[in-house]
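Report on the structure given below.
No lab work stands behind these numbers, since they all come straight from the coordinates. Note that the structure is a prediction, hence the values are computed from the model and not measured. Every residue, glycine among them, receives a Cβ derived from its backbone with ideal geometry; neighbour counts consider all protein chains shown.
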Amino acid sequence: MHRSVSRLPAALLAACTLAGCASLQSSDQNLLGMVTPYRIEIVQGNVVTREQAAAIQPGMARAQVRDILGSPLLADVFHADRWDYIFTIRRTGAEPQRRSVTAYFDGERLQRLDAPQDLPSEAEFVSSISTAKLPAKLPVLELTPEQRAKLPAPARTEAAPAAAAPTGATRDYPTLEP
């Protein structure tokens, strides 16, 4: 009986601890409910923007396509005339994105580029993954011509007098060469 009595407080303490952990994870009312674990941002593949897709023309060499779009995420040995550019990103605070662009080749020349119609421009892509909160009102960083005209004229400085020759003890040293 002595053993079961000593195990009872330990079991009770363990049950309370586990119940407390579960309530902290599901609660958003207290300070500890706002603390979330770090979630790694996953970025895979190459972003293909509207500007890049517009620069691709049928008849381009594979090297030219690679220069513009980068190395493909998938270049399959069994489909040698096809390059797949798949891009995915999952970032905390931003909507997950997945896009797929496929380049088809006829030998060494590009036959066609299959890309979705809703490819973002570079500026649209950057704004879609940005999680920075911009202030409601941005400060003005440049003066208007009227504000510049109201500024006082810079003070004129007089030319500094010519630097005087240094004064101090003069010493004669023997020559080092015979």
Checklist line | Inter-probe distance in nm under a simple model that places probes 7 Å from Cα toward Cβ, at Gln64 and Leu12 | finding: 8.1
Margin query: Quick one: 3J(HN,Hα) in Hz for segment 99-111, Karplus 6.51/-1.76/1.60 with θ = phi - 60°, rounded, Gly and Pro as x.
Written below: 9, 9, 10, 10, 10, 10, 10, 10, x, 9, 10, 5, 8
Notebook entry, point to check: Considering the Cα trace of segment 83-178, what is its radius of gyration and what is Dmax, both in angstroms?
Noted result: 33.8, 88
Checklist line | Cβ-derived FRET efficiency at R0 45 Å, Leu141 paired with Ala165, nearest 0.05 | finding: 0.40
